[in-house]
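Novice: Submitted below is the structure of interest, expressed as structure tokens.
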2 protein chains.
Amino acid sequence: MKKMATTFILPCIFLFSISSSGFSSAKITPRFPSSIVRPEQLSVSSQTELYEAKYFTQLLDHFNYQPQSYRTFQQRYLINDKYWGGADKLAPIFVYTGNEGDIEWFAQNTGFMFDTAPHFQALLVFIEHRFYGKSIPFGGDTNVAYSNASTLGYLSSTQALADYATLIIDLKKNLSATNSPVVVFGGSYGGMLAAWFRLKYPHVAIGALASSAPILNFENITSPYTFNNIITQDFRSESENCYKVIKGSWEQIEETAMKNGGLEVLRKSFRICKNYISGGAIENWLSTAYVYTAMTDYPTPSNFLSPMPAYPVKQMCKAIDDPAQGNDTFAKLYGAANVYYNYTGTAACFDLADDSDPHGLGEWTWQACTEMIMPVNANNEESIFPVSTWNYSNRAAFCKFAFDIEPRPNWITTEFGGHDIKRVLKRFGSNIIFFNGLRDPWSGGGVLESISKSIVAIVAKDGAHHVDLRFATSEDPEWLQDVRKREVKIITKWFSEYYHDLAHHFS
Amino acid sequence: MKKMATTFILPCIFLFSISSSGFSSAKITPRFPSSIVRPEQLSVSSQTELYEAKYFTQLLDHFNYQPQSYRTFQQRYLINDKYWGGADKLAPIFVYTGNEGDIEWFAQNTGFMFDTAPHFQALLVFIEHRFYGKSIPFGGDTNVAYSNASTLGYLSSTQALADYATLIIDLKKNLSATNSPVVVFGGSYGGMLAAWFRLKYPHVAIGALASSAPILNFENITSPYTFNNIITQDFRSESENCYKVIKGSWEQIEETAMKNGGLEVLRKSFRICKNYISGGAIENWLSTAYVYTAMTDYPTPSNFLSPMPAYPVKQMCKAIDDPAQGNDTFAKLYGAANVYYNYTGTAACFDLADDSDPHGLGEWTWQACTEMIMPVNANNEESIFPVSTWNYSNRAAFCKFAFDIEPRPNWITTEFGGHDIKRVLKRFGSNIIFFNGLRDPWSGGGVLESISKSIVAIVAKDGAHHVDLRFATSEDPEWLQDVRKREVKIITKWFSEYYHDLAHHFS
């Protein structure tokens, strides 16, 4: 029924799938083949030392008072008090506002909090988003929780934010740390939640580091072409040939797929497993690789979505520009795809029908069908992708089909704003850092200019998706070190203001 | 079942009723006898010219996505465009964030908006709170909407605020007035909603005038004795004798009620109708008069809760101090009660069992049983009232009995804050006026000190419950004229900043 797994980080694929192949393509939406997912390379010795998992009894519905609103569920959070200065010292609490997946995955990819905790003597807390990971309402039973709109209906951003407020307040009480300042951190959708949390719950968090948070990717605030334009530019900046080969390849794939025996040619060219193949599926599979590689075009080897070399877009273009492949477009593309799908070189074949979801991102489809309506278009001439047109009706039809639900495309801007954000927040709010890396396609929907003295945009020309939040490595370029230094400096200022105000308050 | 009608403006009575007589006293909770309620004296020629009533199709549940969340209801709003400068001129929109009752009643008692609209060329909009007046979900059928927690469950402050945001955004679109600045106004609970609206929806309203909004009356932020202490002080400030007579009367009433034939003595003394009497009911009836009179101790004749002379507390004490009554305490009290209950002199007898609710305030009981948990205590030595002890368990037991529901006493501070408000809002938020009159018992839970340059407290020593919002009259004392002038000046500044920012934004 709702097999069209998709994630926050891939709405364009969500779109491709619908527009190019209709609902039946649900099964072939690209995903992260579990065969090549391995634990993140951590800069600390062992994951088990990173944190302890705990559970909080959370209210199902914060905003209503029906009998069913009072049901509770077990919400997981990860905690690390190794560096904490303690409640007596009013030492701070760093909270990660979990996004659409297993919280352990986000914790392991948010090294910035671990790296800076000793300096700040901070308690670390990572809260899992309801309906993801092990934080499943309805007794933890996903068969029930994910079954239909009457249970999934409690999966919303406002409920998640209220979860975080409730949990943080309770945790601070239990630790007798009411006066310890809280700063929230988040990347991507988690970054949106962090920014919104600071705006909606200033009494709970004194500041937010919102990394790669496309809070302006709603309605018509950001051009729907931006997302794909950035990816196009990423590849084009490596080489014009790389861009042209990819851009020209879609027609060739479609023509080949329609020929007699063409699918077998494609299967062989791309080492696709025997169980399933189609031209559209190959296109999705390749598009996914380009999109995710652009997003995670980090300056050091990483394993956020899959194991990748440093500067993977450059590596992809190197494969495409490789003179050894001559005019064999498919061989070039295969080389590029390998950078994303098979960097470890262990894949025997690529299973286009694999719908495993190792990071537990599946319920994003529900969110994309209710409130997270972020238009992405690819029908402009420059686009490196196959032509696809954003069409709200298509999304609505899919959501009707998948969940019998109608999206509310205006809700996010109604609840959180977005229009005229510079004017609105110029004289309202404070203490938010919006980080964006301009190689990240999501940066187009981010806050790229500082709004006030304390609502600050940090923009890294060479940065990718929340690169600042990753564990520091000895190979980090200077600009990345500088970004993190700036962030630490700003957060330090928040604390000194806080302690100053608190002292004044008590005196 | 849930006959214990009570209102935002009378939680102490809510408390008395429970603590002194148990649940069975539900029927005798004081209310506003409909016999003496007449339309407000308006400074404009006719009420019908004040506004036009319209309806907006509103979503039942903004925060969830169950099939039932998508149900809609007709939300009433009153609109007056007589003074509006129009969308082309970016002329402002004044919105009253309706509280717990019929919106016409609040509109008629918020003359400040009508009085200042010509100057500001403002469009006037008064939005009715869901579940009150004619804004009843479930097809407008109160038998269904009020029947139990599964329908009443949608009555909450967060839903109301989201209603206001949704309606305002839609209205501005329809009027092509997206760039017209909105300022929200509210008194009492409506003032709380106005302040919270500015904090939560800064992208919808550029400022808020929150009059007599006791947003600090939750948890332990404000002493539970404050409410009754202020009333005590109000009467004591008129005369020590007045205070002593009232304070000493409760014992006398209780003793009389227990004597043979004593209830008939009380009936005769207070002209109580034949159908129902008890000592506790008399006490509630008198307490109500003192509380409401203190709240509406306006400097001019008024008819907010009932028709009253100017300075009614003074009038009550005058009756009590009247030497003509000698030592007859009941006669003195009767004279005082007449100021509140029978100023027009038309009441034949007072019906203690009358549970009419002319302003439609009844569903406040639900709100007081879910999130509006405002502790009020009267067990201190000075209190002018009978001893009563705030006890959360009593409230919880009543709510279990009345609605089979458990209050969530920490929710309001979780969602809206309140603790350390000076520290929290010192560097966050802007453009809120908190008006309080210190003779108003609710002022104890209000914001009485300015927090920042643009979050400003206006305090009137001689003011009562949202007196600033009332229609101006030629008898208004100078301090009241000054308060309103200050408010107009501050709002003017908000607009000039807004237009400046907007011009900058577009240039």
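The values are calculated or read from the model by the stated rules, or taken from the named source; none is laboratory data. Because the structure is a prediction, the values reported are computed rather than measured. Every residue, glycine among them, receives a Cβ derived from its backbone with ideal geometry; neighbour counts consider all protein chains shown. Please note that ligands, DNA and RNA were not included when accessible areas were found on the heavy atoms of the full protein model with its side chains. Shrake-Rupley method; radii C 1.70, N 1.55, O 1.52, S 1.80 Å.
Novice: On average, how much area does the Cα convex hull of the range A:388-468 cover when viewed from any direction, in nm²? The partial results should precede the final answer.
Specialist: Working: hull surface 29.4 nm².
If I average the Cα hull's projected area over directions, I get 7.4 nm².
Novice: Here is a further query. Starting from the Cα coordinates of the range A:135-217, work out the convex hull volume and express it per residue in Å³. Kindly include the intermediate steps, with their values, before the conclusion.
Specialist: Working: hull volume 9.0 nm³, N = 83.
Per-residue hull volume (Cα only) is 108 Å³.
Novice: Rounded to the nearest angstrom and ordered from largest down, what semi-axes does the equivalent ellipsoid of chain B get from its C-alpha gyration tensor (root of 5λ)?
Specialist: Working: eigenvalues 288, 129, 90 Å².
Equivalent-ellipsoid dimensions as semi-axes: 38, 25, 21 Å.
Novice: Take peptide B:402-411, look around each residue's Cβ out to 10 angstrom, count Cβ atoms belonging to other protein chains, and average those counts. Please list the in-between numbers first.
Specialist: Working: counts 0, 2, 1, 5, 2, 1, 5, 0, 4, 7.
Rounded to a whole number, the mean comes out at 3.
Novice: Continuing with this model, one more query. First compute the accessible area of the protein assembly as shown with a 1.4 Å probe, then give the percent of it belonging to carbon and sulfur atoms.
Specialist: On the way: 18080 of 35040 Å².
The nonpolar share, carbon plus sulfur, comes to 52 percent.
Novice: While we're on this one: Please give the Cα centre distance for the range B:256-286 versus the range A:299-352, rounded to the nearest Å.
Specialist: For the range B:256-286 versus the range A:299-352, the Cα centre distance is 91 Å.
Novice: Further question on the same structure: Rounded to the nearest 20 debye, what is the charge dipole size of the protein assembly as shown about its Cα centre when +1 sits on each Lys and Arg Cβ and -1 on each Asp and Glu Cβ? List each step's numbers first, then the result.
Specialist: Numbers: 86 positive and 100 negative charges, 36 e Å.
Magnitude of the dipole: close to 180 debye.
Novice: Something else: At 7 Å along the Cα-to-beta-carbon direction for both A:Y55 and A:E478, put a label point, then send me their distance in nm to one decimal.
Specialist: 5.1
Novice: Taking a point 7 Å out from Cα toward Cβ as the label site, list the nm distances between B:K493 and the same residue in every other copy, smallest first.
Specialist: 2.5
Novice: Also, quick follow-up: Tell me, for the rotation carrying A onto B, which chain A residue has the beta-carbon closest to the axis and what that distance is in whole Å.
Specialist: Residue and rounded Å distance to the axis: A:F63, 2.
Novice: Another one. Charges only on Cβ, +1 for Lys and Arg, -1 for Asp and Glu: so what's the dipole of the range B:223-408 about the Cα centre, in debye to the nearest 20?
Specialist: Numbers: 14 positive and 22 negative charges, 55 e Å.
Using only the charged Cβ atoms, the result is roughly 260 debye.
Novice: Something else now. With charges only on Cβ, +1 for K and R and -1 for D and E, what is the dipole size of the range B:116-262 about its Cα centre, in debye, rounded to 20?
Specialist: Details: 10 positive and 11 negative charges, 98 e Å.
That gives the range B:116-262 a dipole magnitude of about 480 debye.
Novice: Please list the helices of chain B that count as membrane-span-like by this rule: a mean Kyte-Doolittle hydropathy of at least -1.0 together with Cα atoms stretching 20 Å or more along the helix axis, each helix being a complete DSSP H run.
Specialist: Details: long enough: B:157-174 (26 Å, 0.03); B:240-258 (29 Å, -0.71); B:279-295 (24 Å, 0.37); B:478-506 (42 Å, -0.86).
Those that clear 20 Å and a mean of -1.0 are B:157-174, B:240-258, B:279-295, B:478-506.
Novice: How would you order B:110-118, B:361-369 from highest to lowest mean count of nearby Cβ atoms within 10 Å? Write down the numbers at each step before the final one.
Specialist: Working: B:110-118: 20.2, B:361-369: 24.3.
Per-residue Cβ counts within 10 Å, averaged per peptide and sorted highest first, yield B:361-369, B:110-118.
Novice: In vacuo Debye scattering of the range A:331-480, one point per C-alpha: log10 I(q)/I(0) at q = 0.16, 0.20 Å⁻¹?
Specialist: Result of the Debye calculation: -1.34, -1.38.
Novice: From the label point of B:S450, set 7 Å along Cα to the beta carbon, how far off in nm is each other copy's matching point, shortest first?
Specialist: 2.7
Novice: Using the alpha carbons of the protein assembly as shown, what is the convex hull volume per residue in cubic angstrom, as a whole number?
Specialist: Numbers: hull volume 164.4 nm³, N = 1014.
Cα convex hull per residue, to the nearest whole number: 162 Å³.
Novice: Further, regarding this structure: Beyond 18 Å, what share of the Cα-Cα pairs of the range B:422-507 remains, rounded to the nearest whole percent? Write out the running numbers ahead of the final one.
Specialist: Working: 1894 of 3655 pairs.
Everything past 18 Å amounts to 52 percent.
Novice: Each label point is 7 Å from the Cα along the Cα-to-Cβ direction; what then is the distance between the points at A:K318 and A:F506, in nm?
Specialist: Output for this residue pair reads 5.6 nm.
Novice: Next up: What list of whole percents do you get for P(r) of the range B:182-326, with Cα-Cα distances grouped in 10 Å bins up to the one holding the largest distance?
Specialist: 10, 27, 31, 19, 9, 3, 0
Novice: Distance from the Cα centre of the range B:69-96 to that of the range A:437-504, in angstrom?
Specialist: Taking the Cα centre of each part, the range B:69-96 and the range A:437-504 sit 40 Å apart.
Novice: Put the label 7 Å from Cα along Cα→Cβ for A:S237; what are its distances to the other copies, in nanometres, shortest first?
Specialist: List, nearest first: 6.7 nm.
Novice: A further question on this structure: Using amide H atoms built 1.01 Å from N in the peptide plane, name the residues 5+ places from A:R439, or on other chains, whose amide H lies under 5 Å from its own.
Specialist: So A:R439 has HN proximity to A:G463.
Novice: Across the residues of A:425-435, average count of Cβ atoms on other protein chains within 10 Å?
Specialist: Values: counts 2, 5, 11, 11, 6, 5, 2, 0, 0, 0, 0.
Partner Cβ neighbours, averaged per residue: 4.
Novice: Report the gain in length on full extension from A:K461 to A:T344: 0.36 nm times residue separation, minus Cα-Cα distance, nm rounded to one decimal. Spell out each step's value before the answer.
Specialist: Numbers: separation 117, 0.36 × 117 = 42.12 nm, distance 2.86 nm.
Additional length available on full extension: 39.3 nm.
Novice: Placing +1 on the Cβ of each Lys and Arg and -1 on the Cβ of each Asp and Glu in the protein assembly as shown, which of A:N229, A:Y70, B:L333 has its Cα farthest towards the positive end of the resulting dipole?
Specialist: The one lying farthest along the dipole's positive direction is A:N229.
Novice: Roughly how large is the B-A contact in terms of buried accessible area, totalled over both chains, probe 1.4 Å, nearest 100 Å²? Let's see the in-between values first.
Specialist: Details: alone 19990 and 19990 Å², together 35040 Å².
It comes to approximately 4900 Å² buried between B and A.
Novice: How big is the Cα convex hull of the range A:58-108 in projection, averaged over all directions, in nm²? Could the numbers behind the result be given before it?
Specialist: Details: hull surface 21.6 nm².
One quarter of the hull surface, i.e. the mean projection, equals 5.4 nm².
Novice: Determine the per residue accessible area of chain B with all protein chains present and a 1.4 angstrom probe, expressed in square angstrom. Kindly include the intermediate steps, with their values, before the conclusion.
Specialist: On the way: 17520 Å² over 507 residues.
Ligands and nucleic acids excluded, the result is 35 Å² per residue.
Novice: Follow-up question, since we're still on this one. Do you know the relative contact order of chain B, to the nearest whole percent, from alpha carbon pairs under 8 angstrom that are 6+ apart?
Specialist: 22
Novice: Please grab the % of Cα pairs in the range B:223-408 that end up more than 29 Å from each other. Mind showing how you got there, number by number?
Specialist: On the way: 4250 of 17205 pairs.
The proportion of pairs with Cα distances above 29 Å equals 25 percent.
Novice: Using a 10 Å cut-off on Cβ to Cβ distances, tally the other chain neighbours for every residue of A:195-203 and report the average as a whole number.
Specialist: Working: counts 0, 0, 0, 1, 6, 5, 6, 7, 14.
Other-chain Cβ atoms within 10 Å of each residue's Cβ, averaged: 4.
Novice: On to the next question. Which of the lysines could a cross-linker bridge to B:K268, judged by Cα under 29 Å and excluding same-chain residues fewer than eight apart?
Specialist: Candidates past the 8-residue exclusion: B:K3, B:K27, B:K244, B:K247, B:K259, B:K314, B:K318, B:K332.
Novice: OK, next. What residues of the range A:59-84 lose no less than 10 Å² of accessible area with every protein chain in place versus their chain by itself (probe 1.4 Å, heavy atoms only)?
Specialist: Listed by number, the residues meeting the 10 Å² cut-off are A:L59, A:H62, A:F63, A:N64, A:Y65, A:Q66, A:P67, A:Q68, A:Y70.
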